[in-house]
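Participant: Have a look at this one.
The values are calculated or read from the model by the stated rules, or taken from the named source; none is laboratory data. None of these values were measured; they are calculated from a predicted model. Cβ atoms come from the backbone with ideal geometry, glycine included; neighbour counts cover every protein chain shown.
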Amino acid sequence: MHLSGSYLNAVGPTYCLKEFSAQHRSGAQPQEHIQHVQGFIQRSSLAEFGSLHQTLKMLWQSLHQFGQKLVRRRPLAANEQSGSSLSRCLTTLDLVSLGVGSTLGAGVYVLAGEVAREKAGPSIIICFLIAALSSVMSGLCYAEFGARVPCSGSAYLYSYVTVGQLLAFVTGWNLILNYVIGLYKRAASVARAWSAAFDGLIGNRISQAMQTTFPIQVPSFLAKYPDFFALGLVVVLTGILARGARESALVARVFTGMNLLVLCFVSLSGLINGKLHNWQLTEDDYKLALSGSNSTDSLGPLGSGGFMPFGLTGILRGTATCFFAFIGFDCIASTGEEARCPQRSIPLGIVTSLFICFLMYFGVSSALTLMMPYYQININSPLPQAFIHVGWNPARYAVAVGTLCALSSSLIGAIFPVPRVVYSMAEDGLLFRKLAHVHPRTQTPVLATVLCGLTAAFMAFLLELSDLVDLSSIGTLLAYSLVAFSVLILRYQPDQNLSSCKKEKKKSESGAVDPEPGFELSSCVESISPEVTPRIARRLCITTDTAPTLRSGRIVYGFLLLMLLCLIMVQWSTQLFSGDPVLIAVAALLLLLTVGVVTVIWRQPQSTTPLHFKVPALPVLPALSIFVNIYLMMQMSSGTWIRFGIWMVIGFAIYFGYGIRHSLEEKNDQQPTVASSQMPREHTPCVELP
């Protein structure tokens, strides 16, 4: 009898010999033997297929469980909220002073001059108006979350309760980068301003001694000489923050108040001494100024003159720069566990601080462009030179005092939220748990405060990291985008409490939990045909549901994908505006799809959970916020994105090496009985809605 190689490979030579000998002794015919062996081969093949199927199934289950870990969300358990170790001592006024102090830094004294001279001219007031409206869109999203989730952690926590653990860690990790670099930048600026003023009084002896003592030929990332003043200043402010939130808020309130008084004085003085003609300049005025100037370098470009000398393009360029002047209000969102009434104070504090900052920027930029022609503004010291131009020389001392106060208050506002975010991440187990230690007397995360403060002090002492400043902008814009997207998720997805109750009810009735229902295409797409298409549109736009459903929640994710597709067109904006027919057609199609998805989302039922504050004009307002933030992120240089990738690699090493295994949600998964008793809640018992 002939035996094939496949047969030997399937059943093995030993079994074949034994089987053939047994069949030969029993007198069986070769045909019967072949049929017997073929049946055995089929049974063996089925067994191997079943084993392979089981292996693939186990692998898929492992990958599924790993994916579930990445997107698991943090429930707001009542004992987590009421058992906070931080002290609730901050009033609404304290939050406003922190927000204004952090946002209204020294940029108000310098930024207005740069934008007015190089980009927008007198229309800088329009730039600040548009930038303020864009910032308000993000601020309103933060305000709703402040009313909904009154906890420390800011955008990190907001992402954790909506989009899952991995994106929450990414948000928190970038917030730390943003705050630390911002802290370094402001510490260096404050120290430079204070030390320059003091050094000037004693004849520049400090800088000369430092440059003589320490070598000048150093790498580019090191400062020319160690800045002991910056080191001491950051250490002192870190000590104040470690003493307690109330003491920190008091110091911030003093510096912010003095800064606002100086800015009000500048605005009123400029309006009194200003000339409306400076908003109507012509080429003749420019030639006259050029003839009286010592050099052409002292004058900026004229443009076309008038109120908008650089046109709409200049306004857009100026708006992109002015937008970053409103960054800083999010520090209010990190006070959720220290505000006395966070559900009222946080929304009110964010909106009020943004409004005050807009008034100050508007007043200063108006006064500056009214006091002197925009092309004569000194970029380095615009306000002192403007007062000299109108003959008010002593007013420059008031500007110097206001600059120092603004820098100091912004420094406090930069230090304050860092340990709160670190504390919240460490308390959740995503960072090392020792960082969540709260001092029993001061009721502050003292270890996180000291660590963050000393890190910033060391950076300001030795390093010169001007190339890393843009990284803080990426972290902030990413956090703004995720918060706006999280608002859409919470407003259009089913309530987690209701879903949990339904699952428990099904489990008690049937003894088993039904699998979570997915998005069944058969329920809305029966067949792709012209007759069914209008039915799909009616089902999506005309819904009979009174509460959010899984379908409405998933539509939100589709909206984000379309927004990202639309933003791809930003990379080819030059070709688009030059009239490329292909790009115009693609952009128009994506725009129509985006408008259609926004319309579908608008027709979906929203969550009816009562809150002190809700974002109006959903889903348009969060959609515009996401668009603006991602557009600005895409304007960053490739070098900035490379450095951002390096920072994220470090963060992922910490997350996958430590955080994913030590998080509270991992422990809750290992203890289902404990986890099932911790039902998520929307509000803190001690700050419940009346």
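Participant: Applying the selection to the stretch 249-263, what residues are within 15 Å of Thr92 (Cα to Cα), buried (at least 17 other Cβ atoms within 10 Å of the Cβ) and of a type in the set (A, V, I, L, M)?
Facilitator: The answer is Ala249, Ala252.
Residue-by-condition table, conditions (1) of a type outside the set (Lys, Arg); (2) surrounded by fewer than 20 Cβ atoms within 10 Å (Cβ to Cβ); (3) part of a helix (DSSP H, G or I):
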{"site": "Ser366", "(1), (2), (3)": "yes, no, yes"}
{"site": "Ile388", "(1), (2), (3)": "yes, yes, yes"}
{"site": "Gly391", "(1), (2), (3)": "yes, yes, no"}
{"site": "Leu411", "(1), (2), (3)": "yes, no, yes"}
{"site": "Val422", "(1), (2), (3)": "yes, no, yes"}
{"site": "Lys434", "(1), (2), (3)": "no, yes, yes"}
{"site": "Thr444", "(1), (2), (3)": "yes, no, no"}
{"site": "Cys452", "(1), (2), (3)": "yes, no, yes"}
{"site": "Ser472", "(1), (2), (3)": "yes, no, yes"}
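Participant: Any residue at all in the stretch 296-310 that is β-branched (Val, Ile, Thr) and surrounded by 17 or more Cβ atoms within 10 Å (Cβ to Cβ)?
Facilitator: No, the stretch 296-310 has no match at all.
Participant: Does at least one position in the stretch 302-320 carry a residue that is in the same structural domain as Leu133 (by TED's automatic domain parsing), of a type in the set (S, T, N, Q) and modelled with pLDDT of 90 or more?
Facilitator: No, the stretch 302-320 contains no residue that is in the same structural domain as Leu133 (by TED's automatic domain parsing), of a type in the set (S, T, N, Q) and modelled with pLDDT of 90 or more.
Participant: Does any residue in the stretch 360-389 that is free of Cβ contacts under 8 Å to residues at least 24 places away in the same chain come within less than 9 Å, Cβ to Cβ, of a residue that is among the polar types (S, T, N, Q) and not in a helix (DSSP H, G or I) six or more places away or on a different chain, and which pairs are these?
Facilitator: Here the result reads Pro384/Asn378; Pro384/Asn393; Gln385/Asn378, each pair linking the stretch 360-389 to a residue that is among the polar types (S, T, N, Q) and not in a helix (DSSP H, G or I).
Participant: What is the one condition in (1) surrounded by fewer than 16 Cβ atoms within 10 Å (Cβ to Cβ); (2) of a type outside the set (A, V, I, L, M, F, W, C); (3) under 30 Å from Val422 (Cβ atoms) that Ser334 does not satisfy?
Facilitator: (1)
Participant: Quick one: would you say Ala414 is in contact with a Ser or Thr (Cβ under 8 Å, 6 or more places away or on another chain), of a type in the set (A, V, I, L, M, F, W, C) and farther than 22 Å from Val251 by Cβ?
Facilitator: no
Participant: Ok, one more. Conditions: (1) of a type outside the set (Ser, Thr, Tyr); (2) modelled with pLDDT of 75 or more; (3) exposed (fewer than 15 other Cβ atoms within 10 Å of the Cβ). Phe577 meets all but one. Number of the miss?
Facilitator: With respect to (1) of a type outside the set (Ser, Thr, Tyr); (2) modelled with pLDDT of 75 or more; (3) exposed (fewer than 15 other Cβ atoms within 10 Å of the Cβ), Phe577 is out only on (2).
Participant: To continue, here is another question. When the stretch 129-151 is examined, which residues are found to be surrounded by fewer than 24 Cβ atoms within 10 Å (Cβ to Cβ) and among the polar types (S, T, N, Q)?
Facilitator: Ser134
Participant: Sort out which residues of the stretch 147-160 are under 15 Å from the mean Cα position of the chain (by Cα) and not polar (S, T, N, Q), and write them in order of number.
Facilitator: Result: Gly153, Ala155, Tyr156, Leu157, Tyr158, Tyr160.
Participant: Check every one of the helices (runs of 4 or more DSSP H) wholly within the stretch 97-215 and list those with 1 or more residues that are modelled with pLDDT under 70.
Facilitator: 165-201, 205-213
Participant: If a residue has to be among the small types (Gly, Ala, Ser) and either within 30 Å of Arg117 (Cα to Cα) or surrounded by fewer than 24 Cβ atoms within 10 Å (Cβ to Cβ) (or both) to count, how many in the stretch 337-364 make the cut?
Facilitator: Qualifying residue count, the stretch 337-364: 2.
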